[in-house]
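Have a look at the structure below, then the notes.
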Amino acid sequence: RKNKKMLSLRSASCGQKFFRSNNSTRLYLHYNNNSCSGIDFILSKRFKSGFESNDYKSKYDGDKPKSRPQTPPQTPRALEKGDKIDELLIESITFGGMGVGKLPDGLIVFVPKTLPGEKVEVTVKKCQKTFAEAAVTKVIQLSPHCKPAPCKHFGTCGRCVFQNLAYPQQLQQKQEQIVGLINKLLTSETKQKMKVHKIIKTSPLYSKNQMSFPTTFIEGLDTESDPTGDPASANKQVTGSLIFQFPSFGGLVPAEQSGIRVEECLIQTQISNEIVKSLQRDFSNLFSTTDRSFLKHVTCVTIHVAEKGESEDSSPETTPILISFETALNEETHKKRVLFLQRIIKKTLLKFHQIRSVISFPKENEDGTPPVPHVAYGKDSIVENINGLYLKITGDTVRRKSPDYSSLIWETVVKLGGFKKTDVVLHLFCSEGGLSLSIARHVQEIHGLEHDPISIKEANKNSSRNSILNAYFTESANLEEGDTRYYYNRGKKRKTKKSTTFCMPASIPKSDVIVINLPFGGLSERLLAWVQSRSPRRIVCISHYAPTLFRDIQRVCFDNKKIIYQLVDCQPIDLNPHTSRISCVCIVDRVDN
């Protein structure tokens, strides 16, 4: 086609074709019966008079390229779905909790619910070119690090996947996982001066001071009052019970766990277990229709036990406790029925005088605004003493499950941060300002940014409560979260929805250090570019999800293929024993620093 820069060649014969145009542009075509016979080329120059197909043999026989070798036929896969592997040795645990084994041909097999050192017989469930996924059908040899799980719910509850693995071995596996992620996601220039510290351990049992339990309401008949136990008796009354289910990271309970009552959770504090048992007794055999009308709409119960009370001499017997109920009721109906809650839990309130606040939430509004909490008992908040700071814990703080309140994280950030008295610090995703106020003692001033207006309001109150005058908190709607699906992809750009404008508050001064509490999905590309443009001498990253942490560190270290930052320190922290999660504090320094 002379009017377009496209030429379509179609042939059904085998062999090799060669042609050229009058402007000496040469194209060589290779094809055979195994490939497509139609090939489209877009040429950079316009053809003037088509092909010189008559004289190419006499003039260009010497220029004909050699035939391309035939591609060898593809070898069949070593495994297919449904195949059995008689014996597989589990060598390690990958990030996420799955065991890793290798076949003699090098194919990697991921097997859930296995431990390092185990020999198992498995059935292939999924097979790809480079890896396969399988399920255990028989355990041939137990791991030398295997031990009896202390929790009676192990295997049914999906949270503590490593409770049957010795705790020192858990720490070793998590340390190796962090090193493996760094080697996979960071280039040699980025980690040239890096130092990975030994993982910090915590108490493996009774360490979590806040737990959320999804709930299920079960209706039935009262059979205890009738010695015959006949459900058809006329004097039976309809009753109902609200039961607590297994806690999970996302608040979702699998179908096979629905309706199973939690008797004890060994990773939360002992007093929380006692409260859970007492509440479940209060929520059993409810004959009142009004009581059932409220509790059947309860979706989640959260118990928060303060690390230390408001007074310096506070003890576990006086440590304040806040309980939060989340419901599926609209705001108008919830306001009428929330008064029933105080009567239902009256026995628990009399037994545990540490309970200072009971909050109930309706469902979220249709316009996206946060629900207004209602106080069912006591005050609307409690005060917690963390590292000498008196912080207000509200129902909204507990409902958002903010990870900011951890004294171990704060101490690690202050220790590795290397803050100076003349530093101006910027803190992104500052939440209610606990970490910001802890850093404010060591710097000239700190500015916190958060997209949630409720968190900014509470942060300013916490600053006034502790008489800290060099901390400033501002709301910013452009703190964009990234996407977890692309944490292994270095080159491709992510397809995310972007707002039309990206504008950060103009009141933020030039910062010497930027502290980032990375969300689960990391940072968006625009926010990472904005952090680079501020050119701080140091960036401190805190994350509870390691893959997106190291992905974003790799991105922030390069600007137009030129390295500008380097990872110098990485401190893993095991804040969630027996689970696959690992928390990290990383220090990234500018190259010319």
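The values are calculated or read from the model by the stated rules, or taken from the named source; none is laboratory data. All values derive from a computational prediction rather than experimental measurement. Virtual Cβ from ideal backbone geometry, glycine too; neighbours counted across all protein chains shown. Surface areas here come from the heavy atoms of the whole protein model, side chains and all, with no ligands, DNA or RNA. Shrake-Rupley method; radii C 1.70, N 1.55, O 1.52, S 1.80 Å.
Just one of (1) buried (at least 18 other Cβ atoms within 10 Å of the Cβ); (2) at pLDDT 70 or above; (3) touching a Leu at 6+ places or on another chain (Cβ under 9 Å) fails for GLY521. It is (3). When the stretch 147-178 is filtered for residues that are open to solvent by 60 Å² or more (accessible area, probe 1.4 Å) and either of a type in the set (Phe, Trp, Tyr) or outside any loop (DSSP other than H, G, I, E, B) (or both), the ones remaining, listed by number, are PHE154, PRO168, GLN172, GLU176.
Any residue that is in contact (Cβ under 8 Å) with a residue 60 or more places away in the chain and more than 24 Å from CYS586 (Cβ to Cβ) - is there at least one of those in the stretch 367-377? Within the stretch 367-377, one or more residues are in contact (Cβ under 8 Å) with a residue 60 or more places away in the chain and more than 24 Å from CYS586 (Cβ to Cβ).
Screening SER511 on (1) in a loop (DSSP other than H, G, I, E, B); (2) under 12 Å from CYS586 (Cβ atoms) shows it passes everything except condition (2).
Residues checked against (1) hydroxyl-bearing (Ser, Thr, Tyr); (2) modelled with pLDDT under 95; (3) surrounded by 23 or more Cβ atoms within 10 Å (Cβ to Cβ):
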{"site": "LEU437", "(1), (2), (3)": "no, yes, yes"}
{"site": "ARG441", "(1), (2), (3)": "no, yes, no"}
{"site": "HIS451", "(1), (2), (3)": "no, yes, no"}
{"site": "ASN460", "(1), (2), (3)": "no, yes, no"}
{"site": "SER464", "(1), (2), (3)": "yes, yes, no"}
{"site": "LEU469", "(1), (2), (3)": "no, yes, no"}
{"site": "TYR472", "(1), (2), (3)": "yes, yes, no"}
{"site": "GLU475", "(1), (2), (3)": "no, yes, no"}
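Which is more than 22 Å from the chain's Cα centre (by Cα) and within 27 Å of THR579 (Cβ to Cβ), of LEU107, LEU103, LEU88? One residue alone meets the criteria, LEU88. Can you confirm whether the stretch 538-545 contains a residue that is touching a Lys or Arg at 6+ places or on another chain (Cβ under 8 Å) and in a strand (DSSP E or B)? Yes, the conditions are met somewhere in the stretch 538-545. For the stretch 507-517, check the following and say yes or no: at least one residue is under 28 Å from THR94 (Cα atoms), surrounded by 18 or more Cβ atoms within 10 Å (Cβ to Cβ) and not small (Gly, Ala, Ser). There is at least one residue in the stretch 507-517 that is under 28 Å from THR94 (Cα atoms), surrounded by 18 or more Cβ atoms within 10 Å (Cβ to Cβ) and not small (Gly, Ala, Ser). Of all residue pairs spaced 6 or more apart or on separate chains, those with beta-carbon atoms under 6 Å, a first member in the stretch 198-211 that is under 23 Å from ILE393 (Cα atoms) and a second member that is at pLDDT 85 or above and open to solvent by 40 Å² or more (accessible area, probe 1.4 Å) are TYR206/GLN270. Within the stretch 114-136, is there a residue that is open to solvent by 70 Å² or more (accessible area, probe 1.4 Å) and closer than 29 Å to LEU205 by Cα? Looking for residues that are open to solvent by 70 Å² or more (accessible area, probe 1.4 Å) and closer than 29 Å to LEU205 by Cα, one finds none in the stretch 114-136, hence no. Please count how many residues of the stretch 380-424 are surrounded by fewer than 17 Cβ atoms within 10 Å (Cβ to Cβ), of a type in the set (D, E, K, R), in contact with a strand residue (DSSP E or B) (Cβ under 9 Å, 6 or more places away or on another chain) and at pLDDT below 90. Matching residues across the stretch 380-424 total 3.
The residue list SER293, SER288, SER284, SER315 contains one member that is of a type in the set (Gly, Ala, Ser) and modelled with pLDDT under 70, which is SER315. Of the listed requirements (1) over 13 Å from the mean Cα position of the chain (by Cα); (2) open to solvent by 10 Å² or more (accessible area, probe 1.4 Å), ASP574 misses just one: (2).
Residues in the stretch 435-467 that are touching a Ser or Thr at 6+ places or on another chain (Cβ under 9 Å) and part of a loop (DSSP other than H, G, I, E, B): VAL443, GLN444, HIS451, ASP452. Is the stretch 186-207 home to any residue that is in a helix (DSSP H, G or I) and open to solvent by 60 Å² or more (accessible area, probe 1.4 Å)? Scanning the stretch 186-207, I find no residue that is in a helix (DSSP H, G or I) and open to solvent by 60 Å² or more (accessible area, probe 1.4 Å), so the answer is no.
Tallying residues that are open to solvent by 30 Å² or more (accessible area, probe 1.4 Å) and part of a helix (DSSP H, G or I) within the stretch 546-569 yields 1.
Quick grid of which residues meet (1) under 21 Å from the mean Cα position of the chain (by Cα); (2) over 23 Å from LEU322 (Cβ atoms); (3) in contact (Cβ under 8 Å) with a residue 24 or more places away in the chain:
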residue: SER381; (1), (2), (3): no, no, yes
residue: VAL413; (1), (2), (3): yes, yes, yes
residue: GLY417; (1), (2), (3): no, yes, yes
residue: ASP423; (1), (2), (3): no, yes, yes
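Candidates PRO104, PRO144: the one that is assigned to a loop (DSSP other than H, G, I, E, B), open to solvent by 60 Å² or more (accessible area, probe 1.4 Å) and at pLDDT 90 or above is PRO144. GLU91 falls short of the stated requirement of being among the acidic types (Asp, Glu), at pLDDT 90 or above and in a helix (DSSP H, G or I). Filter the stretch 266-281 down to the residues that are within 20 Å of LEU339 (Cα to Cα) and surrounded by fewer than 19 Cβ atoms within 10 Å (Cβ to Cβ), then identify the one that is modelled with the highest pLDDT. Among residues in the stretch 266-281 that are within 20 Å of LEU339 (Cα to Cα) and surrounded by fewer than 19 Cβ atoms within 10 Å (Cβ to Cβ), the one modelled with the highest pLDDT is SER278.
Return yes when ARG494 is at pLDDT 90 or above and either surrounded by fewer than 19 Cβ atoms within 10 Å (Cβ to Cβ) or not hydrophobic (A, V, I, L, M, F, W, C) (or both) and no when it is not.
No: the conditions fail for ARG494.
The condition of being closer than 24 Å to ILE573 by Cα and either at pLDDT below 65 or in contact with a Leu (Cβ under 8 Å, 6 or more places away or on another chain) (or both) holds for only one of MET194, MET211, that being MET194.
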